[in-house]
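Take a look at the structure set out below.
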Amino acid sequence: MAIKAAKVSGGAIRVNGLRASVALGVSMGIALGCYRIVVGDPLHYYIITGYVVVVIQTYFAPPFIVPLAYDSGGVTTSTVTVPLVTALGLGLASTVPGRNPMLDGFGLIAFASLFPMITVMGYAQITAYLQKKHAQRSS
């Protein structure tokens, strides 16, 4: 997928940059989800805020990256990721005093799906800005 994105963008999006942004998004999402479990905040505040950010970014991001960014959220639905991340959430909620694993243990998959969309669009926005700045210097 990263190789196709590099071709479509005309080299603006680099293969390793896209892979790193997806990995960063998944790690940020899981980290924020773990924080939410420890603190005990309601899940819906984080999810609503995240999707508001995604909608705003969709407007400002380069059009070629938007479908790819939305698809990058699907990396968390693999046969390895879902059981691993779900077990992390349930285990963390089981060990933190005052947390109910059935209520607080879920949501990490939602975070891990949401944040790659944000980081991929952010990566595309940064590269588009840098290309525009470079083009202005050249002319």
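Might you check whether a residue that is open to solvent by 40 Å² or more (accessible area, probe 1.4 Å), closer than 30 Å to Pro63 by Cβ and out of contact with any His (no Cβ under 8 Å at 6 or more places or on another chain) occurs anywhere in region 76-93?
There is at least one residue in region 76-93 that is open to solvent by 40 Å² or more (accessible area, probe 1.4 Å), closer than 30 Å to Pro63 by Cβ and out of contact with any His (no Cβ under 8 Å at 6 or more places or on another chain).
Counting only residues that are modelled with pLDDT of 90 or more, open to solvent by 40 Å² or more (accessible area, probe 1.4 Å) and assigned to a helix (DSSP H, G or I), how many does region 1-42 have?
10
For region 118-134, name all the residues that are open to solvent by 40 Å² or more (accessible area, probe 1.4 Å) and either closer than 18 Å to Gly25 by Cα or not in a helix (DSSP H, G or I) (or both).
Tyr123, Gln125, Ile126
Need pairs with beta-carbon distance below 7 Å; first residue closer than 25 Å to Ala12 by Cα and within region 45-63, second exposed (fewer than 11 other Cβ atoms within 10 Å of the Cβ); sequence gap 6+ or separate chains.
none
Going through region 92-117 one residue at a time, which ones are outside any helix (DSSP H, G or I) and among the small types (Gly, Ala, Ser)?
We begin by selecting, within region 92-117, every residue outside any helix (DSSP H, G or I); these are 96-100, 105-107.
Residues satisfying the conditions are Gly98, Gly105, Gly107.
What do you reckon, is Phe115 open to solvent by 60 Å² or more (accessible area, probe 1.4 Å) and of a type in the set (A, V, I, L, M, F, W, C)?
On the way: open to solvent by 60 Å² or more (accessible area, probe 1.4 Å): no; of a type in the set (A, V, I, L, M, F, W, C): yes.
No, not satisfied.
The values are calculated or read from the model by the stated rules, or taken from the named source; none is laboratory data. Predicted model, so just to flag it, every value in this text is computed and none were measured. Cβ sites come from the backbone with ideal geometry, for glycine too, and all protein chains shown count toward neighbours. Quick note on the areas: whole protein, heavy atoms, side chains included, nothing else; ligands and nucleic acids left out. Shrake-Rupley method; radii C 1.70, N 1.55, O 1.52, S 1.80 Å.
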